[in-house]
1. What about Leu167, is it assigned to a strand (DSSP E or B) and touching a residue at least 40 places away in the same chain (Cβ under 8 Å)?
2. When the range 74-112 is examined, which residues are found to be at pLDDT 80 or above and of a type in the set (D, E, K, R)?
3. When the range 26-55 is examined, which residues are found to be among the aliphatic types (A, V, I, L, M) and over 22 Å from the mean Cα position of the chain (by Cα)?
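The values are calculated or read from the model by the stated rules, or taken from the named source; none is laboratory data. The shown structure was predicted, so the numbers you read here are calculated from the model rather than taken from an experiment. Cβ atoms come from the backbone with ideal geometry, glycine included; neighbour counts cover every protein chain shown. These accessible areas exclude ligands, DNA and RNA; they are computed on the full protein's heavy atoms, side chains included. Shrake-Rupley method; radii C 1.70, N 1.55, O 1.52, S 1.80 Å.
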Amino acid sequence: YLFKDQIEGSPLELEGTAQLSYLTRSFGSRGIRLDLNPRLSLPLKTDYLTFIPSIGLRQTFYGTANLGDNATNLKDLSSVEGRFMPDINMVLTSGFYRVFDLGEGPNLVPSLEAIGQSEWSRLKHTIKPKIEYDFLPDRGQDHLPDYDEIDRLLPRNQLTYSIANVLTRRRDEVVLARQNGVDVAELSTEYLDFITLRLEQTYDFREATRTDSLDQYPRRPFGDIRADLIIRPT
């Protein structure tokens, strides 16, 4: 794994994965697979928007032996094939928030008698809209071995838009601390995203322009609306 990091002397960021596998099974083909997937991105940020275009290059090599031909070791590799698939991704995000005071001011006064007392002092409401475009070309892969999900990548040309609402609470608590060998009371602050609601839908451009089987399956470019609700009371 190459975790995302900035290329020195440039605004570009590089990340990627590489996997070398030897795959075997009782029936069918077996052999070596080398899968390389680097990605280059250019984060662009303003005070209100973040735009991250990126391009990924997926290069996969196969050295395959067919058990039906009585292959017994790697020297029996009968073919070396490959696949090259670029993909494009663009993400546009933003965020807006407002902070609400719960009460006129802190009611907690740090004292040894108030140890353990707590209260919610502020509430923050954040709205996070996001738009993401994802493209992967349609490339024939039937000539390649089929071991797992890496070997058959489905084409994509879709736009996904979502919006998330996050409620964050600030809780103040009087805690016991030790200063210069003496027990003292002090105010501790804790933050928690206790409610997150996210709505998302995808528009599929490939489905919008599909021409086959229209008499049986009408076009349905708009995907289902997905909803995530996360509640963390503590």
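1. Yes: the conditions hold for Leu167.
2. Glu81, Arg83, Asp87, Arg98, Asp101 - these are the residues of the range 74-112 that are at pLDDT 80 or above and of a type in the set (D, E, K, R).
3. Listed by number, the residues that qualify are Ile32, Leu34.
To keep it simple, each residue is scored yes or no on (1) outside any loop (DSSP other than H, G, I, E, B); (2) open to solvent by 40 Å² or more (accessible area, probe 1.4 Å); (3) farther than 29 Å from Arg39 by Cα.
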residue	(1), (2), (3)
Asp142	no, yes, no
Tyr147	no, yes, no
Leu153	no, no, no
Gln158	yes, yes, no
Asp172	yes, no, yes
Ala177	yes, no, yes
Ser213	no, yes, yes
